[in-house]
1. If residue 148 meets every condition in (1) crowded, with 16+ Cβ neighbours inside 10 Å; (2) in contact (Cβ under 8 Å) with a residue 40 or more places away in the chain; (3) within 26 Å of residue 53 (Cα to Cα) apart from one, which number is that one?
2. Looking for something buried (at least 18 other Cβ atoms within 10 Å of the Cβ), assigned by TED's automatic domain parsing to the domain that holds residue 109, over 30 Å from residue 47 (Cα atoms) and in contact (Cβ under 8 Å) with a residue 12 or more places away in the chain - is there at least one such residue anywhere in segment 209-230?
3. Scan 61, 48, 43 and give me the residue that is more than 28 Å from residue 9 (Cβ to Cβ) and surrounded by 16 or more Cβ atoms within 10 Å (Cβ to Cβ).
4. Please enumerate the residues belonging to segment 50-70 that are under 22 Å from residue 84 (Cα atoms) and within 15 Å of the chain's Cα centre (by Cα).
5. If a residue must be touching a residue at least 24 places away in the same chain (Cβ under 8 Å) and outside any helix (DSSP H, G or I), how many such residues does segment 48-80 contain?
6. Filter segment 6-47 down to residues that are farther than 25 Å from residue 196 by Cα, touching a residue at least 12 places away in the same chain (Cβ under 8 Å) and either part of a loop (DSSP other than H, G, I, E, B) or in contact with a strand residue (DSSP E or B) (Cβ under 8 Å, 6 or more places away or on another chain) (or both), then give me how many there are.
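The values are calculated or read from the model by the stated rules, or taken from the named source; none is laboratory data. In this text the structure is predicted, and so the values were computed from the model without any measurement. Here Cβ is always computed from backbone atoms with ideal geometry, including for glycine, and neighbour counts include all displayed protein chains.
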């Protein structure tokens, strides 16, 4: 907490328009109840936002049931640790009652679609969240679908992933997905009401795209603009970016740094031989992994609520292993 207090003191007045210092308890299974209540009490006292990864995996959901007798979100509610300044990362293994609590306390959820697929964690019940009015933001959790950090690709994935079969099943519209990436993203970062929309009085955050790149070779004239943007855009079409009126991308190139030089330096540093400490750590992982896998196979989880059929595949596979 001392580190947080120092960071808050350093940054809250220095660059408040662009920097938000938040508290981030790692997860329910890594925090005691005392740690959680201390963190959330500090957030209320200082006005800081809280971002917490929660029920990303079936195992995490099972841990909460076993050790608290409640769902993870139910336990946070019991501790008084839910509220409008709370964003929950992932929220994949949430129950309908969990979603009701999130809506009641006006929490946000950060949806990391690529991460859930790549790590085989599951798919979050986004349409059910939206039906309850829960603001859902978009993230990648450092693991987007093809390692290029293209948020347009991520938006397309989210739009496609939640198009459930059937003519009349609810599904997010392109406009809703764009809102997830902008306005709802702002709400989850502590800048709600200041960024996320093109409105008078808000920060001049603007992205200009090359329409010829998006429309090539043809876009039906009746296609809504937002639909075309969502379904066709890629980061390569970004030409100019303003943040609070400052031009940070010009002609597709970052203005504040030499991106090519930075990428070359990263490649050089990461290509260096492993240090003795790194080698020892990798050897330990290699030795431990077979034992971890054996333990997980011997202790299957059961009874987790699966909001998507995709998630149920985990239960089917687990049954086969047993």
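1. (1)
2. Within segment 209-230, none of the residues are buried (at least 18 other Cβ atoms within 10 Å of the Cβ), assigned by TED's automatic domain parsing to the domain that holds residue 109, over 30 Å from residue 47 (Cα atoms) and in contact (Cβ under 8 Å) with a residue 12 or more places away in the chain.
3. One residue alone meets the criteria, 61.
4. 50, 51, 52, 53, 54, 55, 56 - these are the residues of segment 50-70 that are under 22 Å from residue 84 (Cα atoms) and within 15 Å of the chain's Cα centre (by Cα).
5. Looking only at that region, the number is 12.
6. Qualifying residue count, segment 6-47: 7.
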